[in-house]
Amino acid sequence: MACALYVISILLSGCSRCQRAWYCSEDHMHKVVTYYTDWPQHQQHCHPAEPESMITISPQAELKCISVMRSCFLQTKTRPKIITVQCRPPQQPSRTRVCPTPMLQTYFDNPPNNMVLTQGLNKIYLRYPLQIFFSTTALSDASPENRAISKITETPR
């Protein structure tokens, strides 16, 4: 294998998504990420090495509430805030693994809706699914525009 940026045989880092493109140094990998010099070629054959992401949880851990760190996009802030969210285990035993349920009452006036994204921009599959929780009543309540989301999506005000 050769470095995807230069032809060198010492390989240190690889594409964490497909695990097929390798780089001879962290610097070359960052150049590719920063300037997308190799991305047009690599994008054509970059597919997740493991299509389904499954997190293994021990049976003992399934019975306890857990705390996770998540990004919170508050309406009044221009940047996301890292918060700790408590999650409770699934209420019913299941043959298939079910993710813990986040307890979001302190962040929403009404129960939030949610969606799971598996693809990002340009229909590129994400390495892990991204679950987003949002208010279904924000528009009807005339809530202010979410400045953090506007900043990320570069939506003009």
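The values are calculated or read from the model by the stated rules, or taken from the named source; none is laboratory data. This one's a predicted model, so the numbers in the text were calculated from it and none came from an experiment. Please note: Cβ atoms are built from the backbone with ideal geometry, for glycine as well, and neighbour counts cover all protein chains shown.
Pick from the stretch 136-157 the residues that are modelled with pLDDT under 75 and hydroxyl-bearing (Ser, Thr, Tyr): which of them is nearest to the chain's Cα centre (by Cα)? Before the answer, list the steps.
Step one: of the stretch 136-157, the residues modelled with pLDDT under 75 are 149-157.
From the residues that got through so far, the ones that are hydroxyl-bearing (Ser, Thr, Tyr) too are 150, 153, 155.
Working: Ser150: 18, Thr153: 15, Thr155: 21 Å.
The extreme case among them is Thr153.
Taking the stretch 57-77 as the search range and keeping residues that are assigned to a loop (DSSP other than H, G, I, E, B) and within 18 Å of the chain's Cα centre (by Cα), which one is modelled with the lowest pLDDT?
It comes out as Leu74.
Does Arg95 qualify as being surrounded by 12 or more Cβ atoms within 10 Å (Cβ to Cβ) and modelled with pLDDT under 80?
So Arg95 fails the test.
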